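Each reported figure results from applying straightforward, stated rules to the coordinates on display, with no laboratory input. Here the structure is a predicted model, which means the values were calculated and not measured.
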């Protein structure tokens with residue numbers, strides 16, 4: 001696995017558990033087993049690193065596109081039950097990415113949130 005890929009995987013893990021504000025480049029570098037300067041040489045900033053994590057993992061949510069294909073004359077109750085099960089499956093399969101997106105979007109400095117706050121805990125699938 002390349003150094004860049006190790007950093008991206010470590011960043012996803014740390015962002016998913018700590019949120020954007022709680023994640024530090026030092027902790028991400030430690031998790032990736034690289035020097036912090038290597039992380040900055042590859043990505044220049046924590047913001048760029050998060051952006052690349054999201055770009056690299058955008059396919060994690062591509063499965064959601066097909067979930068909403070509901071037929072006009074189909075049994076709505078059955079469709080909704082299947083839709084709900086499929087959404088839960090995707091979220092469980094991609095729980096680290098879901099955590100990262102939820103924590104980083106809701107708990108960012110601009111959002112004014114705190115990743116340890118109870119009001120954001122429901123967004124996390126720990």
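Fully extended, how many nm does the chain gain between residue 79 and residue 21 (0.36 nm per residue separation, minus their Cα-Cα distance)?
Working: separation 58, 0.36 × 58 = 20.88 nm, distance 3.90 nm.
Net length gain for the segment: 17.0 nm.
Contour minus end-to-end for residue 47 and residue 91, with contour as 0.36 nm per residue of separation and end-to-end as the Cα-Cα distance?
Numbers: separation 44, 0.36 × 44 = 15.84 nm, distance 2.42 nm.
Between residue 47 and residue 91, full extension yields 13.4 nm more.
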